[in-house]
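Visitor: Mind looking over this structure? Questions follow.
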Amino acid sequence: MPAENVIALPEGISFETGACLGIPAMTAHRCLFADGPVRGLRVLVSGGGGAVGNYAVQLARWGGAAWVGATASGGWKSKDATAAGADAVFDYRAPDCAARIMAATGGVDRIVEVDVGGNVALWSEVVALNGSVIGYASRGGLSPAIPVSAVLMRKNVNLRGVVLNSAPAAARRQAMEEINAWLLEAPRLHRIAATFPLAETAAAHEAVESGTKRGTVVVLPTR
């Protein structure tokens, strides 16, 4: 592992917690802060019950966002988004979802998007003038029809994609350092679904593939 990709965890932070941070929390940080600070902004996190989304809600609150909302499918995902600090959680499947977000915000300044293609109709309606949409996945549509003129140009919207391993090294280092600072300031929500010893790695994969896990599945480096 290149030395620049490694940072020591703060004292008192467990291995299991550290295992949750490398991809989800750093991806959330990059999505939130790639276009600058969020202080005073209205932030919407798509998929606020997921691993990246849950950290994005927490980091947006830490970063001083004026309003933090999330979308989720209900149940424990909505509960976890609320526990992370979301001011409001919206069911993205509801036909009036966009209208409800607009009523709450008047438009969202920064959107962390879990499905750029699948949710294009929603984010293009609720993003504010001069806002940003930063996506880290697009399973609902790999080649979506993006409203370039009506949204990106007329509203001066920035559409950015994020894949952590090709993000600038300086941004990854900033993410690690600021996540460590965030960890030290207050208790944080880390959702660990299960832990497995190294010898049971196959069972850990099965736990992930089941589609029912609530949080991160961690494999411990011990036999």
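The values are calculated or read from the model by the stated rules, or taken from the named source; none is laboratory data. Computed from a prediction, not measured in an experiment: that's the story for all the values here. When we count neighbours, we look across all protein chains shown, and the Cβ atoms used for this are built from the backbone with ideal geometry, even at glycine. Side chains are part of the model used for accessible areas, which takes the heavy atoms of the whole protein and leaves out ligands, DNA and RNA. Shrake-Rupley method; radii C 1.70, N 1.55, O 1.52, S 1.80 Å.
Visitor: Just name the residue that is surrounded by the fewest Cβ atoms within 10 Å (Cβ to Cβ) out of those in the range 107-149 that are in contact (Cβ under 8 Å) with a residue 60 or more places away in the chain and either among the polar types (S, T, N, Q) or at positive phi (or both).
Guide: Filtering the range 107-149 for residues that are in contact (Cβ under 8 Å) with a residue 60 or more places away in the chain and either among the polar types (S, T, N, Q) or at positive phi (or both), the one surrounded by the fewest Cβ atoms within 10 Å (Cβ to Cβ) comes out as Gly107.
Visitor: Taking the residues in the range 104-140 that are assigned to a loop (DSSP other than H, G, I, E, B) and in contact with a strand residue (DSSP E or B) (Cβ under 7 Å, 6 or more places away or on another chain) as candidates, determine which candidate is farthest from Asn165 (Cα to Cα). Explain how you work it out, then say what you get.
Guide: Of all residues in the range 104-140, those assigned to a loop (DSSP other than H, G, I, E, B) come to 106-107, 114-119, 136-140.
Checking which are in contact with a strand residue (DSSP E or B) (Cβ under 7 Å, 6 or more places away or on another chain) leaves us with 107, 116, 119.
Details: Gly107: 31, Val116: 19, Asn119: 24 Å.
So, considering only residues that are assigned to a loop (DSSP other than H, G, I, E, B) and in contact with a strand residue (DSSP E or B) (Cβ under 7 Å, 6 or more places away or on another chain), the one farthest from Asn165 (Cα to Cα) is Gly107.
Visitor: At pLDDT below 95, over 19 Å from Leu122 (Cα atoms) and not β-branched (Val, Ile, Thr): is that true of Phe15 in this structure?
Guide: Working: at pLDDT below 95: yes; over 19 Å from Leu122 (Cα atoms): yes; not β-branched (Val, Ile, Thr): yes.
Yes: the conditions hold for Phe15.
Visitor: Condition check: in contact with a strand residue (DSSP E or B) (Cβ under 6 Å, 6 or more places away or on another chain) and either more than 17 Å from His190 (Cβ to Cβ) or charged (D, E, K, R) (or both). Does Ala60 satisfy that?
Guide: Here the answer is no, as Ala60 does not meet what is asked.
Visitor: Could we say that Phe33 is more than 24 Å from Gly131 (Cβ to Cβ), out of contact with any helix residue (DSSP H, G or I) (no Cβ under 6 Å at 6 or more places or on another chain) and of a type in the set (Phe, Trp, Tyr) here?
Guide: No.
Visitor: Let me ask something else about it. Residue by residue through the range 141-156, note down the ones that are under 15 Å from Ala98 (Cβ atoms) and either of a type in the set (Lys, Arg) or touching a strand residue (DSSP E or B) at 6+ places or on another chain (Cβ under 8 Å) (or both).
Guide: Matches in the range 141-156: Val151, Lys155.
Visitor: Here is a follow-up. Name the residue that is most open to solvent (accessible area, probe 1.4 Å), counting only residues in the range 155-212 that are of a type in the set (Asp, Glu) and within 21 Å of the chain's Cα centre (by Cα). Step through it out loud before you land on a result.
Guide: Initially, the range 155-212 is screened for residues of a type in the set (Asp, Glu), giving 177-178, 185, 200, 206, 209.
Of the ones still in play, those that are also within 21 Å of the chain's Cα centre (by Cα) are 177-178, 185, 209.
Working: Glu177: 100, Glu178: 56, Glu185: 119, Glu209: 142 Å².
Ranking the candidates gives Glu209 first.
Visitor: I would also like to ask the following. List pairs: first residue in the range 75-99 and of a type in the set (Lys, Arg), second residue open to solvent by less than 70 Å² (accessible area, probe 1.4 Å) anywhere in the structure, Cβ distance under 7 angstrom, at least six positions apart or on different chains.
Guide: Sorted first by the residue in the range 75-99, then by its partner, the pairs are Lys77/Gly49; Arg93/Ser73.
Visitor: Take Leu152 and tell me if it is more than 30 Å from Pro10 (Cα to Cα), out of contact with any Gly (no Cβ under 8 Å at 6 or more places or on another chain), open to solvent by less than 70 Å² (accessible area, probe 1.4 Å) and at pLDDT 95 or above. Break it down stepwise before answering.
Guide: On the way: more than 30 Å from Pro10 (Cα to Cα): yes; out of contact with any Gly (no Cβ under 8 Å at 6 or more places or on another chain): yes; open to solvent by less than 70 Å² (accessible area, probe 1.4 Å): yes; at pLDDT 95 or above: yes.
Yes; evaluated as a whole, the condition is true for this residue.
Visitor: Show me the helices (runs of 4 or more DSSP H) entirely contained within the range 1-103 in which 3 or more residues are open to solvent by 50 Å² or more (accessible area, probe 1.4 Å).
Guide: 75-84
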